[in-house]
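Note sheet for the following structure.
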Amino acid sequence: AKDGTFIIWDVFAEKRISSHISPTGGFTGLELAADQVQVVTVGLDRKLQFWDVRQQSPAQVVDKSHDDICTAVAASAGSEIVATGGADWAVRVWDFKTGAFLCEGDVHSGAVNRLAFSDEDWRRLVSVGEDGFVTFW
């Protein structure tokens, strides 16, 4: 949420499991990892944050992951890598385990609105920009 919180629910039991607060700003994107224990968030503060839902604070934070607001995030099906998109028009790829920057692509002429990895091949990524372009990486 834009207030900097996200909540994990057990929808079958209708029970809140955990709640988490980012001390530095609101979220614009959230991705649950395949293990359903790790969460990756991006937000207004330009940070890429890696969370373990069993803990209250982020396990790892990448400051200034983009030059402007982070607008999208996606994790590969096996959680090998994470992609982020920003209002700076860039798509960046990160190592899921270490948070290390891997590569960047600049093909959009507007904010990146959505990212998705192929379920069959984690090396295939699609980005959708405010400019109307759909890019296959």
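The values are calculated or read from the model by the stated rules, or taken from the named source; none is laboratory data. Only a predicted model underlies this, so the values are computations on that prediction, with no experimental measurement involved. Reconstructed Cβ throughout: ideal geometry from the backbone, glycine too, with neighbour counts over all protein chains shown. Quick note on the areas: whole protein, heavy atoms, side chains included, nothing else; ligands and nucleic acids left out. Shrake-Rupley method; radii C 1.70, N 1.55, O 1.52, S 1.80 Å.
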Test: residue in segment 107-117 that is over 12 Å from the mean Cα position of the chain (by Cα), open to solvent by 60 Å² or more (accessible area, probe 1.4 Å), touching a residue at least 40 places away in the same chain (Cβ under 8 Å) and farther than 16 Å from PHE27 by Cα: no
Failed item in (1) touching a strand residue (DSSP E or B) at 6+ places or on another chain (Cβ under 6 Å); (2) open to solvent by 40 Å² or more (accessible area, probe 1.4 Å); (3) over 20 Å from GLN49 (Cα atoms), with GLY132 passing the rest: (1)
Subset tally (residues that are more than 15 Å from THR41 (Cα to Cα) and not in a loop (DSSP other than H, G, I, E, B)) for segment 92-111: 5
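Out of all the residues in segment 59-80, which are open to solvent by less than 20 Å² (accessible area, probe 1.4 Å) and assigned to a strand (DSSP E or B)? Lay out the reasoning, then the answer.
Initial filter on segment 59-80 (open to solvent by less than 20 Å² (accessible area, probe 1.4 Å)): 65-66, 70, 72-76, 79.
Across segment 59-80, the qualifying residues are CYS70, ALA72, VAL73, ALA74, ALA75.
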Residues being open to solvent by 40 Å² or more (accessible area, probe 1.4 Å) and outside any strand (DSSP E or B) - total across segment 1-24: 9
Criterion (touching a His at 6+ places or on another chain (Cβ under 7 Å) and open to solvent by 80 Å² or more (accessible area, probe 1.4 Å)) met by exactly one of GLN36, GLN56: GLN56
Residues satisfying the stated conditions in segment 88-106, i.e. small (Gly, Ala, Ser) and either touching a helix residue (DSSP H, G or I) at 6+ places or on another chain (Cβ under 9 Å) or surrounded by 20 or more Cβ atoms within 10 Å (Cβ to Cβ) (or both): ALA90
Segment 26-52 residues that are among the hydroxyl-bearing types (Ser, Thr, Tyr), paired with ones that are in a loop (DSSP other than H, G, I, E, B) (beta carbon under 9 Å, 6 or more apart): THR28/LYS2; THR28/LEU44; THR28/ILE69; THR41/SER22; THR41/LYS47; THR41/PRO58
